[in-house]
1. Considering only residues that are β-branched (Val, Ile, Thr) and either under 11 Å from the mean Cα position of the chain (by Cα) or closer than 24 Å to A:GLU159 by Cβ (or both), which ones fall in the stretch A:33-60?
2. Need pairs with beta-carbon distance below 8 Å; first residue over 20 Å from A:LEU57 (Cα atoms) and within the stretch A:9-38, second of a type in the set (Phe, Trp, Tyr); sequence gap 6+ or separate chains.
3. Do the conditions hold for A:ILE208, that is, is it closer than 18 Å to A:SER182 by Cα, within 14 Å of chain B (Cβ to nearest Cβ) and at pLDDT 95 or above?
4. B:LYS194 - would you say it is surrounded by fewer than 19 Cβ atoms within 10 Å (Cβ to Cβ) and either more than 13 Å from chain A (Cβ to nearest Cβ) or under 20 Å from B:ALA34 (Cα atoms) (or both)?
5. Can you name every residue in the stretch B:9-26 that is touching a Ser or Thr at 6+ places or on another chain (Cβ under 7 Å) and either surrounded by 24 or more Cβ atoms within 10 Å (Cβ to Cβ) or in a loop (DSSP other than H, G, I, E, B) (or both)?
6. Residues of the stretch B:27-69 being small (Gly, Ala, Ser), in contact with a strand residue (DSSP E or B) (Cβ under 7 Å, 6 or more places away or on another chain) and part of a helix (DSSP H, G or I), which ones?
7. Determine, yes or no, whether A:GLU184 is away from chain B (no Cβ under 14 Å) and either among the charged types (D, E, K, R) or surrounded by 24 or more Cβ atoms within 10 Å (Cβ to Cβ) (or both).
8. Could you check how many residues of the stretch A:211-251 are more than 14 Å from every other protein chain (Cβ to nearest Cβ), open to solvent by 50 Å² or more (accessible area, probe 1.4 Å), touching a helix residue (DSSP H, G or I) at 6+ places or on another chain (Cβ under 8 Å) and within 17 Å of A:LYS35 (Cβ to Cβ)?
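The values are calculated or read from the model by the stated rules, or taken from the named source; none is laboratory data. Computed from a predicted model, the values in this text were never measured in an experiment. Here the Cβ positions follow ideal geometry from the backbone for every residue, glycine too, while neighbour counts run over all protein chains shown. Accessible surface areas use protein heavy atoms only, side chains included; no ligands, DNA or RNA. Shrake-Rupley method; radii C 1.70, N 1.55, O 1.52, S 1.80 Å.
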Number of protein chains: 2
Amino acid sequence: MTSNPTCDIIHSSMKIAVTGKGGVGKTFLVAILAKLFAEKGKKIFAIDADPDSNLALTLKFPNPSEITPLVKMKKLIEERTGGKIGTLNPYFKLNPKVDDIPDKYFLSHQGINLAVMGSVRGGGAGCTCPENAFLKALLRHLIVEREEVVILDMEAGIEHLGRGTAESVDRLIVVVEPARNSIETAHRIRDLAKAIGIARIEIVGNKIRENRDKKFILDALADFDFLGFIPYNEKVTEADLKNIPFFEHCPEILEEGRRILERLGDPERIALR
Amino acid sequence: MTSNPTCDIIHSSMKIAVTGKGGVGKTFLVAILAKLFAEKGKKIFAIDADPDSNLALTLKFPNPSEITPLVKMKKLIEERTGGKIGTLNPYFKLNPKVDDIPDKYFLSHQGINLAVMGSVRGGGAGCTCPENAFLKALLRHLIVEREEVVILDMEAGIEHLGRGTAESVDRLIVVVEPARNSIETAHRIRDLAKAIGIARIEIVGNKIRENRDKKFILDALADFDFLGFIPYNEKVTEADLKNIPFFEHCPEILEEGRRILERLGDPERIALR
């Protein structure tokens, strides 16, 4: 889309985390962005880090419900961490080797490389296990060390990014809808994000039916930065019920996506801060 | 509502867990049921066990965002479990005393006693900590030992109920909306529920706009039991944006709730299985 070369450079190895309350359309936005980055010819890693969503289904990967999440690959995790899963054995590597995982274990479809992580959240600071150590190391590798574009589809609880990893996230996008609960979550996420060192947070408003909806969100999040608004479109639901890709059934939805992508890579917009 | 005495007996100490994909309306249904049980004069415990939702906000408790989740009550948890939070110390009680917690720490508003749990999910079987031990013990106490009606607003991941507790859940209600993702989640939940010993699972369809939506859900979940369907109602959104209780702004929504409650307590319906 953007022919601005500076914009392309900014895009080229961007690390984007998308979060927000369940059901607001995080996976939908991640799918839009992944599609558009792939369209631009970027190598893109799309990471489903929300056990409550199904990015593979939204991107129409074949047999999405049969994909084994990484967290369930017991043998691999035990081999890499040296820890025995399911025991209380406290000895395992917190920094297992993971740099070969993207090439060996990610799935590829229409130019998008996908990983399904499975549940990674721990209950508390002292709560750890080989599976979490493995997934955290992989997230760290993807965000801190890789040159590719990485987009994370995350739960509203973003704590598992952790310090060190979080600081390398270029943008945290919080998706909201016209509903008070999703606004509350956006505020909570901002507090968490600040605490773990994420510098840049922006809002995308989704399911906008009328001007009142947009106004409600702008008023409720007056001190946030906005990346854009995506209108509610009945054809998105229709595509879903028919099990066809929304970006084919309803290509106009990609238009707002293109504007969001352009804003993500706009150097002047960044300079303004 | 129901004057059927058998139905009242069935209702009287019911333990209900509500789950489903984020955003489908779990909290909305929990609020409806809590309201209706309170209206019937039952003592009711409503438990917000989903860190991604805000039951207090939906029930219009005062200052919902300022409520401290139980998981954050460090001093209390350390005192009860004997464990030090945030350390890797593996020694703490897995069965701390919790039977006084509902009376001392739950909040009360318009006949509903509320607890906000905070995050309780662990990453794996070997993943444990004092906070999780405390919350699990409390859930167990509420579901297995109490005589009151208990309604849980839960994440789609229901693993933290655990064996022994799960078996005492009378009904697991899975809320779905006309969207493929929420159907996938319902299937996944059923597998989890069977694995941990929950006997009875039923579906409530929410956000039904037209007949096509209901048909999609019925077809996609053909081998599930259904408790009812709640129509999409613009006034629910309106109430939310205006920050007024939906059950006052839109009392007709309680009508379908009453039918669901009646079906929950219908002895013949139970005998049918």
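1. Hit for the stretch A:33-60 is A:ILE47, nothing else.
2. A:HIS11/A:PHE37
3. yes
4. Yes: the conditions hold for B:LYS194.
5. Answer for the stretch B:9-26, where residues must be touching a Ser or Thr at 6+ places or on another chain (Cβ under 7 Å) and either surrounded by 24 or more Cβ atoms within 10 Å (Cβ to Cβ) or in a loop (DSSP other than H, G, I, E, B) (or both): B:GLY20, B:LYS21, B:VAL24, B:LYS26.
6. Scanning the stretch B:27-69 gives B:ALA34, B:ALA38, B:ALA56.
7. When the stated conditions are applied, A:GLU184 does not pass them.
8. Residues meeting the conditions: 1.
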